Amino acid sequence: MEASGSRVRRGSPVPKRRRGVGVATGFGSTAQSLNDDILRSVFSRLDDHFDLARCSAVCGSWNRIIETAHLMRDMYYKRNPPARGSSSNISVKSYFEMLAMDEHASAFSRGPAEAFQWIGHPMRATLCRMKSGLILTGVGDKILRLWSAESCKFMNEYNVPNSKTLVDFDFDENKIVGLTSSQICIWRRSEPRSIFQSGGASFNHGLCMSFADPEVVIGCEDGRAFVYDMYSRSCSRIYRLHSSPVTCLMITDDQLIVGGSTFGNVAIADQTSGQKLGVLKSDHGPLAIRSLSSCTNSHMIFAGSSAGYAHCWDLRTLRPLWEKRVSPNVIYSTRHLPGDTATLAVGGIDGVLRVICQRTGDIIRSLVVDADLPAEATSRSRQQIEKKRVRRIDPDAQLDGIPRRLRPQITSLSVGMKKIVTTHGENYIRVWKFRMKSS
């Protein structure tokens, strides 16, 4: 049977097209036929980093051309002239890490923001943590809940053991670790029930915790820190950090235990040996240290205190770099995105979300929910999410003139890429999303 017109006879081989023929129809003249010099010239004319990234992901040869020609580096220096000369080479990965941090800091400093709020707990939530696009909230009722940071969608729920009240918690990609006043509880991320509870009374009156596999460090009311091995299920070491209660605690990437106290000091000890390496002190006492965070890239330790001060010390010299009173009341939380060396988010009892400069402590912007614009209600499944506008207030504004319903106390905050999640001691959760300012 023959095909009509110019169709090929069934069963006969399809004629091969000659290389270089068929430019108008798109055959023969493909990007693979272009030599490296031509491709390099084409790629160098791109002025958007995302376009260049997409090209680098097409195939190995394109990635090699973009890498060897240092096109990512050149584009980064073009957009950031002060960075030129600071490094002889920059990989695609490093370029995008720096680009992401630059855009994150820019969005926090100058970009527009919106707040998304939803009822997340039957009673209240006082603590929140955000990592890898997920939010964990709890303390105030008998459950921990996991949410998507992007969509605010409910992901999972974890039950706190009967008669126990959590005082602190954190999580990673595999598990959730919670602290009661006398026990450690561990959940698998994929299971709602606790898989392990520490037995006995190895510590009493635990107030705060931090963990880095395989150990959990617990700060207690008597000023001691208990190091608990999650796999042997036993307390391996006990260190004396303070003579007063340990109010907040963290483990740095350098395996240092950093603990704040009600006397306003911050103790630093080696995680392995327990040797006390130094004490960070404030010139503004007496005050209690209520929150801690560290920036590994710049060797800085940040703290928030009961007198409204934000503090910064150099971890190498143990000397203060700045201390600024950024709030008239208690600061409950100071956090920044890992890798960000520009901005620090601060929240406390006055309910104002502040973004401050890591290098100077100066307030970059102060934010509250806008009263003049109505909230927009959206529905995702059965979960009602309110979209609220956010407005900037002057750093010296009289807060008494702003209703408390627009600035409920911030009991905890956590920072993600262009996002901040806050809890307020109520049953709702709020995510603040920032965008790049349009040019």
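Between Ser181 and Lys437, the FRET efficiency estimated from the beta carbon spacing at R0 = 41 angstrom works out to 0.35. These residues, His299, His424, go from largest to smallest accessible area, 1.4 Å probe, as His299, His424.
Compared with the alpha-carbon gap, the fully stretched path from Glu191 to Ser273 is longer by 26.0 nm at 0.36 nm per residue.
The simple spin-label model puts a point 7 Å past each Cα toward its Cβ; for Thr68 and Asn329 those points are separated by 6.3 nm.
Under a 10 Å cutoff between Cα atoms, tell me which one of Ser132, Ser333, Ser181 has the largest fluctuation in the Gaussian network model of the chain. Taking springs between Cα atoms under 10 Å, the residue moving most is Ser132. Note on the stretch 117-153 and the stretch 240-255: Cα centroid distance 26 Å, given to the nearest whole angstrom. A Förster distance of 56 Å, applied to the separation of the beta-carbon atoms of His284 and Asp36, puts the FRET efficiency at 0.35. For Ser44 and Ser132, a Förster radius of 30 Å and the Cβ-Cβ distance give a FRET efficiency of 0.30, rounded to the nearest 0.05. Over the chain, with the other protein chains present, what is the accessible area per residue in square angstrom, probe 1.4 angstrom? Normalised by residue count, the accessible surface of the chain is 50 Å². Once you reduce the stretch 276-293 and the stretch 323-353 to the center of their Cα atoms, the two points are 15 Å from each other. Taking Trp62, Trp118, Trp322 as the candidate residues, the one with maximal mean-square fluctuation in a Gaussian network model of the chain, Cα springs under 10 Å, is Trp62. The calculated 222 nm mean residue ellipticity attributable to helices in the chain amounts to -3500 deg cm²/dmol, summing -39500 (n - 2.57) over DSSP H runs of n ≥ 4 and dividing by all residues. The order of Glu426, Glu191 by accessible area, most exposed first and with a 1.4 Å probe, is Glu426, Glu191. Taking label points 7 Å from Cα along the Cα-to-Cβ direction, Thr165 and Ala57 give a separation of 4.8 nm. For the peptides 101-113, 232-244, residues were scored by their other Cβ atoms within 10 Å and the scores averaged per peptide; the highest-first order is 101-113, 232-244.
Leaving ligands, DNA and RNA out of it, work out the accessible area of Lys324 with a 1.4 Å probe and give it in Å² to the nearest 10. The value for Lys324 is about 70 Å². For the chain, with a Gaussian network of springs between Cα atoms less than 10 Å apart, report the residue from Asp37, Asp270, Asp362 with the top mean-square fluctuation. Evaluated over the chain, the most mobile residue of the options is Asp37. Given a 1.4 Å probe and the protein chains as shown, Phe50 ends up with an accessible area of around 100 Å². For Lys131, the lysines whose Cα comes closer than 21 Å to its Cα, not counting residues fewer than 8 places off in the same chain, are Lys93, Lys153, Lys175, Lys418, Lys419, Lys433. Rounded to the nearest 10 square angstrom, Thr262 shows an accessible area of 60 square angstrom against a 1.4 Å probe. May I ask for the distance between the Cα centers of the stretch 154-185 and the stretch 387-439, given as a whole number of Å? About 26 Å separates the Cα centre of the stretch 154-185 from the one of the stretch 387-439. For Lys142, the lysines whose Cα comes closer than 17 Å to its Cα, not counting residues fewer than 8 places off in the same chain, are Lys164.
Each Lys and Arg Cβ is given +1 and each Asp and Glu Cβ -1; about its Cα centre, the chain then shows a dipole of about 1480 debye. Inverting the pair-averaged 1/r between distinct Cα atoms of the chain gives 24.7 Å as its Kirkwood hydrodynamic radius. Here the simple spin-label model places points 7 Å from the Cα toward Cβ, and for Ser234 and His205 these points are separated by 2.7 nm.
Taking 0.36 nm per residue of separation and subtracting the current Cα-Cα distance, fully stretching the chain between Ser151 and Glu114 would add 12.0 nm.
Once neighbouring chains are kept in place and the probe is 1.4 Å, which whole percent of the accessible area of the chain is contributed by carbon and sulfur? Carbon-and-sulfur percentage of accessible area, whole number: 49.
The values are calculated or read from the model by the stated rules, or taken from the named source; none is laboratory data. Since the structure is predicted, the reported quantities are computational estimates derived from the model, not experimental observations. In this analysis, Cβ positions are derived from the backbone assuming ideal geometry, glycine residues included, and neighbour counts consider all displayed protein chains. These area figures cover heavy atoms from the full protein model, side chains too; ligands, DNA and RNA do not enter into them. Shrake-Rupley method; radii C 1.70, N 1.55, O 1.52, S 1.80 Å.
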